[in-house]
Amino acid sequence: MIERDFKLLLNANALKNIQVHYAIMSHGYMVVANGDHLETAKRETREFKTLDAAAKFLFKVGVADFAVKLRTSC
């Protein structure tokens with residue numbers, strides 16, 4: 001989902017589960033909302049270099065409650 005769709009769903013209170021996952025391959029973080037990862041306008045996964053950068057983005061768009069998953073497999 002692109003950032004514009006993310007903001008629209010957020011304003012409509014349609015996002016129930018927002019998480020920040022550690023992306024092993026890129027050594028960064030990605031935002032996952034309702035199972036879909038956040039994408040750029042070019043449909044590439046939006047990656048954040050630090051957890052702080054991902055949190056700052058979420059706070060900027062109005063998300064104050066989210067989970068962090070550092071390991072995606074058991």
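The values are calculated or read from the model by the stated rules, or taken from the named source; none is laboratory data. Keep in mind that what you see is a predicted model, and the values were worked out from it rather than measured. Backbone-built Cβ (ideal geometry, glycine too); neighbour counts: all protein chains shown. Heavy atoms of the whole protein, side chains included, go into the accessibility calculation; ligands, DNA and RNA do not. Shrake-Rupley method; radii C 1.70, N 1.55, O 1.52, S 1.80 Å.
Of the residues that make up the range 8-22, is at least one open to solvent by 70 Å² or more (accessible area, probe 1.4 Å) and under 13 Å from the mean Cα position of the chain (by Cα)?
yes
How do the pairs read when you match residues in the range 18-34 that are on the phi > 0 side of the Ramachandran plot with residues anywhere that are open to solvent by less than 50 Å² (accessible area, probe 1.4 Å), using Cβ under 7 Å and keeping only pairs 6 or more apart or on different chains?
N34/L15
Could you check how many residues of the range 23-45 are in contact with a helix residue (DSSP H, G or I) (Cβ under 7 Å, 6 or more places away or on another chain) and open to solvent by 30 Å² or more (accessible area, probe 1.4 Å)?
1
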